[in-house]
Amino acid sequence: MDYDKHFEVLLKNWRSADTALIERYTKKYATIDELCETGPTIFYLFNYHTLNFEYLSDGFSALTGYSPVVFQKNSKPFFDLIEVEDQKILAETVYPTFQEIRSTHDKEDIKNLAFQVTFRLVKKNGQVIRVLQQFHVLEVDDDHHPLLSFGRVTELSMQYDFGNVSAAVHSLKDQEFRLIYQKTIDDSSVNLTLREKEVVIMLTDGKTSRQIGLELHISPNTVNRHKQNIMDKLGFDSTAELVKYAVLHGIYKK
């Protein structure tokens, strides 16, 4: 994934945030983080001019297994922790859509927008988890470009989850929280039917074709055809490879 190619637009003619402003926000959210016992949750302050984190909470270690020091002044390694398939969706679809939505709002209304997106993250130990990122813009320049945003990243359950990226934008206006955008973007590499997803889940439970057939009220031969179709779509040669992939990507019933 060419990070610079997809994000260079963010740097074009955008003014930098005042240092004193950054320090004030950093101090504020660091204090909040110290007072809250949130477990494996990342709180962050993001600088759009430098594309770097001005602040990363200690929850970063609990969630990812990495020290936040490595990522403090360089956001690219964090982007690289995102599953490759999801990187492409975020960079080419989600983030440009968020920018489009921001461009249709005036300076103050942008600050009333709440953005959220779910994607898969690879921890230091190789475990893939699904996370929810929520953020809002704190400061905007005169051209309506965001300067700073505050957000958090938390782990979600991956039960029956098949690698889709979900995005939403809400607007808080007149004390009313209103949904203005919502979309689930399919990962084309995991384009399975509902029945195929059921078969994968049962395979990861260690069930045989006969057992799966009995539960789904279909013949073992039909189950085997589903298995072969799934492996053809994902490019695998054996059930063992399929199960390994499913477990790695959280495609199983918890």
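Here are some residues: Val131, Val169, Val190. Which one is surrounded by 17 or more Cβ atoms within 10 Å (Cβ to Cβ), hydrophobic (A, V, I, L, M, F, W, C) and modelled with pLDDT under 90?
So the residue among Val131, Val169, Val190 that is surrounded by 17 or more Cβ atoms within 10 Å (Cβ to Cβ), hydrophobic (A, V, I, L, M, F, W, C) and modelled with pLDDT under 90 is Val190.
Would you mind stating whether Asp109 is crowded, with 20+ Cβ neighbours inside 10 Å, among the acidic types (Asp, Glu) and in contact with a Lys or Arg (Cβ under 9 Å, 6 or more places away or on another chain)?
no
For region 39-66, which positions are in a helix (DSSP H, G or I), closer than 15 Å to Gly151 by Cα and out of contact with any Asp or Glu (no Cβ under 8 Å at 6 or more places or on another chain)?
Phe60
Consider Ile89 carefully, then state whether it is under 22 Å from Leu56 (Cα atoms), crowded, with 17+ Cβ neighbours inside 10 Å and under 14 Å from the mean Cα position of the chain (by Cα).
Taking the combined requirement at face value, the residue does not satisfy it.
What number of residues within region 73-83 are closer than 17 Å to Gln133 by Cα and either modelled with pLDDT under 90 or not aliphatic (A, V, I, L, M) (or both)?
The number of residues fulfilling the criteria is 7.
Quickly run through region 92-150 and pick out the residues that are in contact with a Gly (Cβ under 8 Å, 6 or more places away or on another chain) and hydroxyl-bearing (Ser, Thr, Tyr).
Result: no residue meets the conditions.
Quick check on this structure: which one of Val69, Val94 is of a type in the set (Val, Ile, Thr), more than 19 Å from the chain's Cα centre (by Cα) and not in a strand (DSSP E or B)?
When all the criteria are applied, what remains is Val69.
The values are calculated or read from the model by the stated rules, or taken from the named source; none is laboratory data. Please read these numbers as outputs of a predicted model, since none were measured by experiment. Cβ atoms come from the backbone with ideal geometry, glycine included; neighbour counts cover every protein chain shown.
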